[in-house]
Amino acid sequence: MDKIVKLLLAQLGFVFLGVFLSLPFFVTEKEEEGTDVYWMISGLSLGTLFLAWYIFSKKYVRFNMQTWSLRSLKAVLLTILLSFSFFFLADSLGNWVNWSNERWSNGMSILRKMSHHSFGLVFLLASPIVEELLFRGSILRLLLEKERLAPKYAILASALIYGALNPGENIPYFLFGLLLGYLYYRSGSLSLCILSTMIMNGIPVLLTICYPDVRSVYELMGVLPFIGLVVLSVLLSAGCLYGLNRSFGVPAWQVSRNMDDTSGSILINE
C-alpha cells in the first residue's frame, strides 16, 4: 500500500512540477488569447513525461512481450467494439446520476479548449499511455501481487482509486476502471488497456469537436434514440465480454510465488 500512495503522490507532484516549470514561458505583460490553454497543455505534458520516467525508473512496469502483446486480432477487434459500446453505457449512467452539472460543464469546457489545439489534441490521445502505466501497469499490478487480496477485490480497489481521481465523472471512470482492470487481469496486456482508454478518451473529444454546443450524447440524440443506444450498448458489451472470456481462456495474470525476482510476472495462456 505504501508504494501505491507514493505513486499517487508522485502523480500529483509531477503535475504541479510540470505546471510550475511551464509558467515562465507563458507569463506575459499582456494576456493573449489561448495562453492559459497552452500553459495547461505544456504543464500536463511535462508532468506525464516525468511520471512515465518515474514509473520506468522504479521498475513498476517491465518491458516484456507479455505486457505489451495485443494477444490476437480477435482480442483487438473485440476490445475496440467493447470500448465503444461500454463508453456509451458508462456515460449514460454517469449522466443520470451526475450530482455536479457545473463541475461537469467546466470539465467539458477545458476539454473543448484543448481539443481545438493540435498539441492539446495529441496530448488527449497520448495521455492514456501514461494513465495505463500508472493505474493498471503499476497500481493494479501491485494489488494483484498481494497474496491475501482476491483478484476481484484488487480490480475493485483500483477502479475506486481511478474513479476517485476523476472528480465530476466518478461513476463513468469507476466503471471504466472495472473494465480496464478486467482486461488487464484476463489478458495480461497493457497494450489492450491503452487501446481501450484511447478509444474511450477519444469519443468525447470527437463529439466535442463535431458538436461544440452539445453537452452530452443524451442532448444530441433525444430520449428514445438514446434509450435504444443504451440497450444496444448493454447487449454489445455483454457479447464482447463473452467473446473475450472465450478468447483469453484462463486469466493471463499469474503471480509466481516460487521463483526469486519473478513476482508479478505474467504468463500467457493460449
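Per residue, how much accessible area does segment 135-254 show when a 1.4 Å probe rolls over the protein heavy atoms, in square angstrom?
Working: 5180 Å² over 120 residues.
Solvent-accessible surface per residue comes out at 43 Å².
Highest mean first, the peptides 57-68, 129-140 sorted by other C-beta atoms within 10 Å per residue fall in the order 129-140, 57-68.
Rounded to the nearest 0.05, what FRET efficiency do Ala238 and Ala150 have when you use their Cβ-Cβ distance and R0 = 25 Å?
On the way: r = 23 Å, r/R0 = 0.93.
For Ala238 and Ala150, the calculated efficiency is 0.60.
Which of Lys3/Lys58; Lys74/Lys146; Lys59/Lys146 have a Cα-Cα distance over 22 Å? Violating the 22 Å limit, Cα to Cα: Lys74/Lys146. Modelled label positions at Asn166 and Phe16, each set 7 Å beyond Cα in the direction of Cβ, lie 2.4 nm from each other.
The values are calculated or read from the model by the stated rules, or taken from the named source; none is laboratory data. No experiment lies behind these values; they were computed from the predicted model shown. Note that each Cβ is placed from the backbone with ideal geometry, even for glycine, and that neighbours are counted across all protein chains shown. Note: areas computed on protein heavy atoms with side chains; ligands, DNA, RNA excluded. Shrake-Rupley method; radii C 1.70, N 1.55, O 1.52, S 1.80 Å.
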